[in-house]
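Novice: Please read through the structure below; I'll follow up with questions.
The values are calculated or read from the model by the stated rules, or taken from the named source; none is laboratory data. Given the structure is predicted, the values throughout are model-derived calculations rather than measurements. Here the Cβ is made from the backbone with ideal geometry for all residues, glycine too, and neighbour counts use every protein chain on show. Accessible surface is based on the protein model in full, side chains and every heavy atom, while ligands, DNA and RNA are left aside. Shrake-Rupley method; radii C 1.70, N 1.55, O 1.52, S 1.80 Å.
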Amino acid sequence: MHRKTGYFVISLDFELEYGVESWICDHKKNYKENIKGARKAVLKILDSFKKYDIHATWAVVGMLLGENRQELLSYLPEQFPGYENSELSTYNYIERIGQNEEKDPAHFALGLIRKIKDTGGQEIATHTFSHYYCEEMGQNRQEFEGDLHAACRIMSDKLRLSPFTIIFPSNEVNRRYLSVLEKYKISIYRGKIWLYKSNRLMMKILRSADTYTSIFGNHIYGIEHIKEGNFFNIKASAFLKPVNKSIPLLQYLKVKRIKKAMFKAAKKGKIYHLWWHPHNFGVHTFENIRMLEDILLYYTYLNSRYGYQSANMKEISEAAES
């Protein structure tokens, strides 16, 4: 009997400082080293992907693509999101942005993103222009469309690319905005499994348990289930938490749990979708890359044993249509 192909999908939310602007000051201050180390982590991750022939999707915040401050300002949309919580808007922090990538590597990353683009098997997706929160109170469809237009325009100008895939910041998928994506020929997004559809305390506790055990299942699914009307919803299976050096047992259980899900996906011909942010590896980079390569080495075993395939999100949508 012909064995169905299983797929190992990786996506990364590349946002640097734009993803943490709204954090409370103390938390953000404590995360500075992660942001600073994220650029080195990106290069190390790319090296690992090349070593193990891994295809991945990198969703980039459009504001990272400006070559300098003056150019970046020229891409700003006419309307900014009217969040009730104004601290969520990265547009409110524009005065903090420096002159260029050399002087402000936390807000500019065009050179780094071009290296990602030039690495085989890597898809550049959009993470909106400003790290736009689509489910927050106060913002609306028109503001989202303006932000997305800016993201597509700067990506076209600086990378000569049009995105096929969007990863919504904080995984806030607003289904009422999907028709906006159609106007820009974006047909792929990363949806949420049920454990991530609420941020209530109990759900956070369940998510934490899910990181280390499979009591809620392995969150794998068939490629035949990703097409939803005109869109491909390639749901995240798990967030790859960075290394916790203080609790080695949890580190072991986390990787064991991921490998178990990958094995099930490979054997049953299903999709397993792992995601994280490069800045998660910004500290303890060596240990985090070692963890990643442990997972990728296991992927190579599953590839040789079961024909398990690495694919980015665009490639998954193409496989679903074939």
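Novice: Filter the stretch 112-149 down to residues that are of a type in the set (S, T, N, Q) and either part of a loop (DSSP other than H, G, I, E, B) or in contact with a helix residue (DSSP H, G or I) (Cβ under 7 Å, 6 or more places away or on another chain) (or both) and give me whichever is farthest from Y93 (Cα to Cα). Walk me through it before giving the result.
Specialist: Our first condition is that a residue be of a type in the set (S, T, N, Q); within the stretch 112-149, this holds for 119, 122, 126, 128, 130, 139-140, 142.
Next cut, either part of a loop (DSSP other than H, G, I, E, B) or in contact with a helix residue (DSSP H, G or I) (Cβ under 7 Å, 6 or more places away or on another chain) (or both) only: 119, 122, 126, 128, 130, 139-140.
Working: T119: 32, Q122: 30, T126: 21, T128: 17, S130: 11, Q139: 18, N140: 20 Å.
Selected residue: T119.
Novice: To continue, here is another question. What are the pairs, 6+ residues apart or on separate chains, where a residue within the stretch 30-56 that is over 20 Å from Y308 (Cβ atoms) has its Cβ under 8 Å from a residue that is in a helix (DSSP H, G or I) and among the hydroxyl-bearing types (S, T, Y)?
Specialist: These pairs meet every condition: G37/T285; K40/T285; A41/T285; K44/T285.
Novice: Determine which member of the set E315, E293, E224 is surrounded by fewer than 19 Cβ atoms within 10 Å (Cβ to Cβ), of a type outside the set (S, T, N, Q), touching a residue at least 60 places away in the same chain (Cβ under 8 Å) and touching a His at 6+ places or on another chain (Cβ under 7 Å). I'd like the intermediate steps shown before the answer.
Specialist: Working: E293 fails: touching a His at 6+ places or on another chain (Cβ under 7 Å); E224 fails: touching a His at 6+ places or on another chain (Cβ under 7 Å).
Just one listed residue meets the conditions, E315.
Novice: Sticking with this structure for a sec: Only one of (1) in a helix (DSSP H, G or I); (2) modelled with pLDDT under 95; (3) surrounded by fewer than 16 Cβ atoms within 10 Å (Cβ to Cβ) is not met by E287, so which one is it?
Specialist: (2)
Novice: Quick check on my filter: what residues within the stretch 97-106 are open to solvent by 40 Å² or more (accessible area, probe 1.4 Å) and in contact (Cβ under 8 Å) with a residue 60 or more places away in the chain?
Specialist: At the first step, the residues of the stretch 97-106 found to be open to solvent by 40 Å² or more (accessible area, probe 1.4 Å) are 99-103, 105.
Once the filter is applied, which keeps residues that are open to solvent by 40 Å² or more (accessible area, probe 1.4 Å) and in contact (Cβ under 8 Å) with a residue 60 or more places away in the chain, the stretch 97-106 yields only P105.
Novice: When residues of the stretch 57-78 are filtered for being assigned to a strand (DSSP E or B) and either open to solvent by 60 Å² or more (accessible area, probe 1.4 Å) or free of Cβ contacts under 8 Å to residues at least 60 places away in the same chain (or both), how many remain? I'd like the intermediate steps shown before the answer.
Specialist: First, pick out the residues of the stretch 57-78 that are assigned to a strand (DSSP E or B): 57-60, 68.
Within this subset, residues satisfying the condition of being either open to solvent by 60 Å² or more (accessible area, probe 1.4 Å) or free of Cβ contacts under 8 Å to residues at least 60 places away in the same chain (or both) are 68.
Final tally of qualifying residues: 1.
Novice: Residues that are open to solvent by less than 80 Å² (accessible area, probe 1.4 Å), on the phi > 0 side of the Ramachandran plot, within 17 Å of the chain's Cα centre (by Cα) and not hydroxyl-bearing (S, T, Y): does the stretch 111-124 have at least one?
Specialist: Yes, the stretch 111-124 contains a residue that is open to solvent by less than 80 Å² (accessible area, probe 1.4 Å), on the phi > 0 side of the Ramachandran plot, within 17 Å of the chain's Cα centre (by Cα) and not hydroxyl-bearing (S, T, Y).
Residues are listed down the side, and each one gets a yes or a no for (1) assigned to a helix (DSSP H, G or I); (2) under 22 Å from the mean Cα position of the chain (by Cα); (3) farther than 20 Å from V255 by Cα:
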| residue | (1), (2), (3) |
| --- | --- |
| K267 | yes, no, no |
| E293 | yes, yes, no |
| L297 | yes, yes, no |
| Y301 | yes, no, no |
| S310 | no, yes, no |
| K314 | yes, yes, yes |
| A319 | yes, yes, yes |
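Novice: Something else: As an exercise: evaluate D210 against (1) open to solvent by 40 Å² or more (accessible area, probe 1.4 Å); (2) over 21 Å from W58 (Cα atoms); (3) not hydrophobic (A, V, I, L, M, F, W, C) and give the number of the one condition it does not meet.
Specialist: Checking D210 against (1) open to solvent by 40 Å² or more (accessible area, probe 1.4 Å); (2) over 21 Å from W58 (Cα atoms); (3) not hydrophobic (A, V, I, L, M, F, W, C), the one that fails is (1).
Yes/no per residue for (1) at pLDDT 90 or above; (2) of a type in the set (S, T, Y); (3) touching a Pro at 6+ places or on another chain (Cβ under 7 Å); (4) not in a helix (DSSP H, G or I):
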| residue | (1), (2), (3), (4) |
| --- | --- |
| K204 | no, no, no, no |
| R207 | no, no, no, no |
| D210 | no, no, no, no |
| H219 | yes, no, no, yes |
| S246 | no, yes, no, yes |
| L250 | no, no, no, no |
| K254 | yes, no, no, no |
| M262 | yes, no, no, no |
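Novice: Just one of (1) out of contact with any strand residue (DSSP E or B) (no Cβ under 9 Å at 6 or more places or on another chain); (2) modelled with pLDDT under 95; (3) open to solvent by less than 20 Å² (accessible area, probe 1.4 Å); (4) closer than 24 Å to R141 by Cβ trips up S22, so point out which.
Specialist: In the conditions (1) out of contact with any strand residue (DSSP E or B) (no Cβ under 9 Å at 6 or more places or on another chain); (2) modelled with pLDDT under 95; (3) open to solvent by less than 20 Å² (accessible area, probe 1.4 Å); (4) closer than 24 Å to R141 by Cβ, S22 misses (3) alone.
Novice: Only one of (1) under 21 Å from A38 (Cα atoms); (2) in a helix (DSSP H, G or I); (3) of a type in the set (K, R) is not met by R153, so which one is it?
Specialist: Tallying (1) under 21 Å from A38 (Cα atoms); (2) in a helix (DSSP H, G or I); (3) of a type in the set (K, R), R153 fails exactly one: (1).
Novice: Still on this structure, I have one more. May I ask you to list the residues in the stretch 80-90 that are surrounded by fewer than 17 Cβ atoms within 10 Å (Cβ to Cβ) and at pLDDT below 95? Before you say what the answer is, go through the steps one by one.
Specialist: First pass over the stretch 80-90, keeping only residues surrounded by fewer than 17 Cβ atoms within 10 Å (Cβ to Cβ): 82, 84-87.
If the condition is that a residue be surrounded by fewer than 17 Cβ atoms within 10 Å (Cβ to Cβ) and at pLDDT below 95, then N85, S86, E87 are the ones that fit.
Novice: So, one more: What are the pairs with Cβ atoms under 9 angstrom where one residue, in the stretch 246-271, is on the phi < 0 side of the Ramachandran plot and among the small types (G, A, S) and the other, located anywhere, is surrounded by fewer than 17 Cβ atoms within 10 Å (Cβ to Cβ) and part of a loop (DSSP other than H, G, I, E, B)? Sequence gap at least six, or different chains.
Specialist: Going by the 9 Å Cβ cut-off, the qualifying pairs are A261/S214; A261/G217; A266/G307.
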